Amino acid sequence: PPSGLRRDLWISTADATAYSVMVGCGEHYIPAFALALGFGPVATGLTASVPLLAGALLQLVTPLAVRRMGTNRGWVVATTAVQSVSFLPLIWWALRGHAELWEMLVAVSLYWSAGMAGGPAWNAWMGSVIPERMRTPYFAHRNRLGQFAVLVGFVAAGLALEWGRRRGVVLVTFAVLFAVDSASRLVTTHCQAASRALKPPVDAAPAARPNAAGPAAPARAWTRLRAVAGSPAGTLLTYLWAITFACQFSGAYFTPYMLQDRGFSYFSYMLVVAVSFLARALVLPWLGRLGSRIGSLGLLWVGGARDRDADALVAGVGGDPL
């Protein structure tokens with residue numbers, strides 16, 4: 001590729017690596033931090049679920065914000081900077097040894113809202129920087145490196161927390177990890193600011209069509225919704241919604257269950273989750289080849305059957321799996 005594009009690719013790869021270190025060291029351990037502060041399992045689950053809801057709602061401001069700023073890159077840089085700052089109160093609470101539940105919810109909601117708000121703009125921005133013919137191979141390598149960095153960060157943080165637990169300095173260890181996370185996000189902010197913004201400024205919002213509002217608008221919306229619900233795309237959307245809801249319904253309480261109810265150490269918890277990361281990285285290439293043989297629908301059936309059996313196993317059907 002030309003020198004300018006080659007530079008952007010290297011910068012984007014460094015961005016992905018730093019971001020993945022932040023996710024591995026910090027994002028996955030926020031519920032564990034809530035437990036270390038003395039929160040119960042319900043409050044810990046709220047710190048892993050309420051911020052996601054807040055982020056899903058607040059990311060709706062992204063189109064308006066990009067339109068006002070006139071650039072996707074500017075909005076992405078702003079949101080990543082906010083994410084870096086969101087770790088500062090976590091560092092302070094770790095050093096102080098105390099935090100209120102509402103404080104944790106606000107700080108973690110700020111983290112998730114900034115991350116989710118920048119995602120759509122980042123996708124549009126990268127689509128303008130990286131040529132179409134290079135996207136698939138480049139992002140395949142980029143994502144593989146990112147998964148490896150997440151695994152390294154997660155394992156390193158777990159080992160550090162186990163070391164801190166044995167020496168009675170768990171909260172101080174959390175403060176150090178969150179400082180690393182904040183610095184890693186600052187690195188990504190610098191990388192994004194140093195990249196090119198090839199996409200022209202976003203045009204103003206198009207004028208509303210004459211029939212976009214009025215007494216018949218709700219009826220038209222209902223008709224379209226029913227048409228989508230009865231189509232194959234609607235069936236797939238319903239399936240994805242149901243399986244995501246089922247996973248998120250209990251996923252927020254996985255960490256308190258392992259660390260508090262089962263009494264796992266930080267090392268054991270890290271090992272369980274790290275094995276899942278490693279298994280995913282090893283199996284994904286094989287699943288890609290399987291999908292080319294049996295098709296996307298067949299692969300979806302295989303994944304659905306696997307999820308059903310895994311849920312039954314975790315529920316204790318046929319004995320305690322642990």
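Residues in the range 142-155 that are open to solvent by less than 40 Å² (accessible area, probe 1.4 Å), out of contact with any Gly (no Cβ under 6 Å at 6 or more places or on another chain) and not charged (D, E, K, R) were compared, and the one that is nearest to Thr13 (Cα to Cα) is Gly146. The set of residues in the range 156-174 that are part of a helix (DSSP H, G or I), open to solvent by 10 Å² or more (accessible area, probe 1.4 Å) and aliphatic (A, V, I, L, M) comprises Ala156, Leu159, Ala160, Val170, Leu171, Val172. Pairs meeting the criteria (first residue in the range 101-126 and touching a residue at least 40 places away in the same chain (Cβ under 8 Å), second residue in a helix (DSSP H, G or I) and aromatic (Phe, Trp, Tyr), beta carbons under 6 Å, at least 6 apart or on different chains) are Ala121/Trp75. Checked across the range 1-13, the condition of being touching a Leu at 6+ places or on another chain (Cβ under 8 Å), assigned to a helix (DSSP H, G or I) and open to solvent by 10 Å² or more (accessible area, probe 1.4 Å) holds for at least one residue. Of all residue pairs spaced 6 or more apart or on separate chains, those with beta-carbon atoms under 9 Å, a first member in the range 240-267 that is more than 18 Å from Leu161 (Cβ to Cβ) and among the small types (Gly, Ala, Ser) and a second member that is at pLDDT 80 or above and open to solvent by 70 Å² or more (accessible area, probe 1.4 Å) are Ser250/Tyr257.
Please verify whether Phe254 is surrounded by 11 or more Cβ atoms within 10 Å (Cβ to Cβ) and either modelled with pLDDT under 75 or touching a helix residue (DSSP H, G or I) at 6+ places or on another chain (Cβ under 6 Å) (or both), treating the condition exactly as stated. Answer is no for this residue.
If I filter the range 265-282 for residues that are assigned to a helix (DSSP H, G or I) and modelled with pLDDT under 70, do I get at least one hit? For the range 265-282, residues assigned to a helix (DSSP H, G or I) and modelled with pLDDT under 70: absent.
Checking the condition open to solvent by 60 Å² or more (accessible area, probe 1.4 Å), hydrophobic (A, V, I, L, M, F, W, C) and either outside any helix (DSSP H, G or I) or at pLDDT 80 or above (or both), which residue from Leu322, Leu313 passes? Let's see the steps before the verdict.
Values: Leu313 fails: either outside any helix (DSSP H, G or I) or at pLDDT 80 or above (or both).
Among Leu322, Leu313, only Leu322 is open to solvent by 60 Å² or more (accessible area, probe 1.4 Å), hydrophobic (A, V, I, L, M, F, W, C) and either outside any helix (DSSP H, G or I) or at pLDDT 80 or above (or both).
Residue check: Tyr266 meets all listed conditions (1) surrounded by 15 or more Cβ atoms within 10 Å (Cβ to Cβ); (2) among the hydroxyl-bearing types (Ser, Thr, Tyr); (3) closer than 23 Å to Leu52 by Cα but one, namely (3).
The values are calculated or read from the model by the stated rules, or taken from the named source; none is laboratory data. As the structure is a computational prediction, the values presented were derived from the model and not from experiment. In this analysis, Cβ positions are derived from the backbone assuming ideal geometry, glycine residues included, and neighbour counts consider all displayed protein chains. Remember, those area values only see protein heavy atoms, side chains included, never the ligands or the DNA or RNA. Shrake-Rupley method; radii C 1.70, N 1.55, O 1.52, S 1.80 Å.
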